[in-house]
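Before any comments, here is the structure.
The values are calculated or read from the model by the stated rules, or taken from the named source; none is laboratory data. Here the structure is a predicted model, which means the values were calculated and not measured. Virtual Cβ from ideal backbone geometry, glycine too; neighbours counted across all protein chains shown. These accessible areas exclude ligands, DNA and RNA; they are computed on the full protein's heavy atoms, side chains included. Shrake-Rupley method; radii C 1.70, N 1.55, O 1.52, S 1.80 Å.
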Amino acid sequence: MQTTVTLKVDPDTMSTMLIFLLLTSLVALLKTGHSTETRDQILSFSPKTQHQVDIVRNISIQYETALWQPVAPHYIQEETQVHLFVPAASSERVKALLQMHGMSHEVLLANANELMEMQTRNDSTDPRSSSSFYERYHSLEDIYYWINRTAHDFPNTVKVILIGSSYEKRPLYVLKLSMNDNPNKKAMWLDCGIHAREWVSPAFCLWFVHYSLSFHQQNVDITNILDNMDVYILPVMNPDGYKYTWTTNRMWRKNRSISKSSGCFGADLNRNFDANWCTEGASSNPCSEIYCGAFPESEPESQAVANFLRSHKDSIQLYLTIHSYSQMLLFPYSYTLEESDNHNDLLEMAQEAAQKIRRYYRNIYRYGAGAKTIYLAPGGSDDWAYNLGIKYSFTFELQDRGRYGFLLPPSQISSACNEALLATKVIALKVLEKTQSPTSAPRTF
Ligand code: 0X9
Ligand code: ZN
């Protein structure tokens with residue numbers, strides 16, 4: 001049996017109830033606001049004076065924070081945006097310090113923990129999940145397994161080459177995609193994961209291989225590229241660092257070699273190549289995020305890559321290295337403000353790639369020589385490869401521009417990779433056009 005109760009409330013009681021409801025929601029809101037303080041956060045702010053710059057530098061050194069942008073305290077400047085990862089434990093103190101010194105801040109991410117959890121969740125077993133293998137981030141073990149399985153599934157076109165091992169003795173595997181045995185075939189190189197925390201980078205290498213193997217003979221551009229070039233892909237250049245971001249510290253950048261004198265870990269592999277090594281823009285302090293290592297190629301990871309490129313320099317025409325974040329297409333030089341010999345060629349290629357990304361995906365990529373576009377940074381793999389003679393050399397900085405930074409949600413992997421793939425195709429086709437003799441011009445459909 002159903003009973004209906006009709007409540008009659010006079011206007012006075014009604015307004016008291018409304019006030020009560022409002023107050024309780026306000027308390028709840030305040031409580032939620034407070035609970036975000038117990039979460040790791042990403043703050044954004046811009047110091048306006050030299051004094052504020054000094055304060056921010058000190059905060060980033062003294063507190064257990066991680067600078068996302070710029071890469072090291074040295075680069076913090078007046079009127080430039082700082083993105084700072086602040087662990088829950090120091091969040092209130094850091095915010096108070098900023099406020100005390102007249103710097104207002106914006107919370108870019110209020111709950112970084114939730115995003116980190118989302119990135120490592122393996123929802124492949126969840127029947128409701130619609131994302132594919134390539135739309136998720138993968139542990140190092142999964143990536144090693146994937147490398148083997150890919151070579152096994154495509155025995156005629158994919159080979160695995162062991163080019164060396166990391167400081168902690170993990171294998172550095174390169175996949176070679178080769179669709180035919182044409183004589184004097186050209187090649188391109190693609191590496192990912194030089195910086196451990198830039199997870200969308202290895203995701204791109206996997207994406208590229210999958211796309212190449214799925215769309216060769218289907219898509220005209222990738223067919224042209226693969227029919228005329230072998231492709232060498234190193235999915236994770238810094239396996240020790242990558243592993244460490246999965247197990248211990250999500251914000252780790254460098255490799256994991258130990259410097260006995262300081263007790264600090266890691267050299268920045270992108271400061272360890274022999275290209276004006278350890279001059280302005282790198283640090284000789286082993287505790288710095290941009291530590292250049294003890295000497296050029298002191299790190300087994302950069303040495304393995306350099307050795308491989310040296311021994312294949314006659315065939316490799318294009319060097320591509322993938323980083324994140326900030327959406328940029330960079331080319332040499334980064335170690336000097338001087339222009340490279342083929343600056344205009346490189347500029348034109350980067351411009352065309354950026355224009356296409358804008359047209360097809362409505363995303364803005366900045367482009368230009370590294371030193372002029374971002375900062376002086378010597379010892380980089382792109383500049384070193386360029387000076388070795390690989391005249392088409394690019395660094396891509398993938399999505400986003402700071403909304404999620406290194407914590408790009410898995411749902412955005414596909415758009416980040418698709419636009420980088422488009423840029424790769426534009427540039428590789430241009431390289432073919434510029435390097436091939438007229439008799440062996442690429443096939444057009
Ligand atoms: O500083 C870097 O190594 C790269 N930026 S990142 O934020 N991913 O760390 C830019 C590399 C540009 N090229 C060279 N510095 N050679
Ligand atoms: Zn990087």
Pseudo-spin-label distance T435 to A110, built 7 Å along Cα→Cβ, given in nm, is 5.1 nm
Pairs over 25 Å Cα to Cα, from K186/K430; K254/K434; K185/K391; K95/K372, come to K254/K434; K95/K372
In the neighbourhood of L84 defined by beta carbon distances under 12 Å, the net charge of the other residues (Lys, Arg +1; Asp, Glu -1) is -1
With a ≥ b ≥ c from the Cα gyration tensor eigenvalues, square-rooted, and the rule rounded for a/c under 1.5, otherwise prolate when a/b > b/c and oblate otherwise, region 128-173 is oblate
If R0 = 60 Å, then R93 and R366, at their Cβ-Cβ distance, give a FRET efficiency to the nearest 0.05 of 0.95
Of every hundred units of 1.4 Å-probe accessible area on the chain, the number belonging to carbon and sulfur atoms, as a percent, is 52 percent
With all protein chains in place and a 1.4 Å probe, V200 shows an accessible area in Å² (nearest 10) of 10 Å²
From the Cα centre of region 320-341 to that of region 222-287, the distance in Å is 16 Å
With DSSP loop assignment and no more than 15 other C-beta atoms within 10 Å, the trypsin sites (Lys or Arg not before Pro) in region 144-191 are K169, K185
Between the residues S415, Q327, Q355, the Cα farthest towards the positive end of the dipole of region 314-430, that dipole coming from +1 and -1 charges on the beta-carbon of Lys, Arg, Asp and Glu, is from S415
Summing +1 per Lys or Arg and -1 per Asp or Glu among the other residues with Cβ less than 9 Å from H323's Cβ gives -2
Chymotrypsin sites (Phe, Trp or Tyr not before Pro) in region 257-347 lying in a DSSP loop, each with at most 10 other Cβ atoms within 10 Å of its Cβ, come to none
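Starting with the highest mean, order 240-247, 396-403, 95-102 by the number of other Cβ atoms within 10 Å, averaged over the residues of each peptide.
Descending mean neighbour count gives 240-247, 396-403, 95-102.
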Nearest 10, in degrees from 0 to 90: the angle of helix 343-361 to the longest Cα principal axis of the chain is 50 degrees
If each part is reduced to its alpha-carbon centroid, region 156-199 and region 76-106 end up apart, in Å, by 41 Å
Probe 1.4 Å, all chains present, heavy atoms only: E135 accessible area in Å², nearest 10, is 50 Å²
Here the FRET efficiency for N285 versus V220, based on Cβ atoms and R0 = 41 Å and rounded to 0.05, is 0.25
Residue separation between S311 and E135 times 0.36 nm, minus their alpha-carbon distance, gives in nm 59.9 nm
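Would you calculate a helix-derived [θ] at 222 nm for the chain, using -39,500 (n - 2.57) for each DSSP H run of n ≥ 4 and dividing by the full residue count, to the nearest 500?
After summing the helix terms and dividing by the residues of the chain, the value is -12500 deg cm²/dmol.
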By the rule of another cysteine's Cβ lying under 4.7 Å, the cysteines of the chain that fail to get a partner are C417
In this structure, the FRET efficiency calculated for D345 and T80 from their beta-carbon separation, with R0 = 30 Å, to the nearest 0.05, is 0.45
Mean accessible area per residue over the chain (1.4 angstrom probe, all protein chains present, square angstrom) is 47 Å²
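DSSP loop trypsin sites (Lys or Arg not before Pro) in region 322-381 with at most 14 other Cβ atoms within 10 Å of their Cβ, which ones?
Qualifying residues, ordered by number: R362.
Accessible area, 1.4 Å probe, largest first: how do H51, H210, H83 sort? Don't skip to the answer; put the middle values down first.
Details: H51 110, H210 80, H83 5 Å².
From most exposed to least exposed: H51, H210, H83.
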Computed for the chain: size of charge dipole around the Cα centre, +1 on C-beta of each Lys and Arg, -1 on C-beta of each Asp and Glu, debye to nearest 20, value 440 debye
In the chain, taking the dipole from +1 charges on Lys and Arg beta carbons and -1 charges on Asp and Glu beta carbons about the Cα centre, the listed residue (L115, I59, N387) farthest towards the positive end is L115
